[in-house]
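Written out below as structure tokens is the structure these notes cover.
Derivation of every value follows stated rules applied to the coordinates shown; laboratory data play no part. These figures come from a predicted structure and were not determined experimentally. Don't worry about glycine lacking a Cβ; one is built from the backbone with ideal geometry, like all the others, and counts go over all protein chains shown.
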Amino acid sequence: MLSQLIYASQAVHPMNEDELADLLIAARRHNAHAGLSGMLLYANGSFLQILEGEREALDSLYARIVGDSRHTRLRLLSRAPIEHRKFTQWSMGFEALSDTRLTQVLPGFVPATPYPLVNPDLIRNGTVAEVLLDLYQRNSDAPGATTGAAVPVSTDAA
Ligand SMILES: Cc1cc2nc3c(=O)[nH]c(=O)nc-3n(C[C@H](O)[C@H](O)[C@H](O)COP(=O)(O)O)c2cc1C
């Protein structure tokens, strides 16, 4: 069954670009393999992530994410079956970082957007989180956005 999961968490210490890149590269590799798509936002030391895919793959990834010592205070905001994916790619949004090189070399990084990155720590509600993540996604799809080439991880059929 195709499902969606949204959670928020707090980094144990501020993540630098190398750490974010490591996270994105590993996540991209695994998510593509597992047919998972979604988006990870990092701002103000907090994460907000939406993941979409088959229930089993989602649950096993979430168990690993929960056990990851890079973050703490995980709050599961929503977990529900869905009919089709809203996030057909895997990407990562981040607050303005000094070095824009990452946006050029790493497909999947979504540069800071005209929408202010809301502190994920303030998001308490799955619906609000989804609307917010959707806004970032739309913006990254917009003409002129400097997002790298998108890497589709699977078809919509499930
Ligand atoms: C905020 C956050 C988001 C993550 N998102 C993903 C993800 O989408 N996909 C993924 O494979 N790993 C993700 N990880 C990494 C996993 O927690 C874990 O380190 C990775 O899957 C490797 O697991 P393993 O060491 O058990 O093989 C994330 C970690 C953090 C801290």
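List of remarks:
- Taking amide hydrogens as placed 1.01 Å from N in the peptide plane, the amide H of I82 sits under 5 Å from those of L2, S3, Q4, each at least 5 positions away in sequence or on another chain.
- Taking amide H atoms as placed 1.01 Å from N in the peptide plane, the amide H of H71 lies under 5 Å from those of V12, each 5 or more residues away in sequence or on another chain.
- Taking 0.36 nm per residue of separation and subtracting the current Cα-Cα distance, fully stretching the chain between H33 and H84 would add 16.5 nm.
- N119 versus V131: modelled label distance in nm, points set 7 Å from Cα along the beta carbon direction: 2.0
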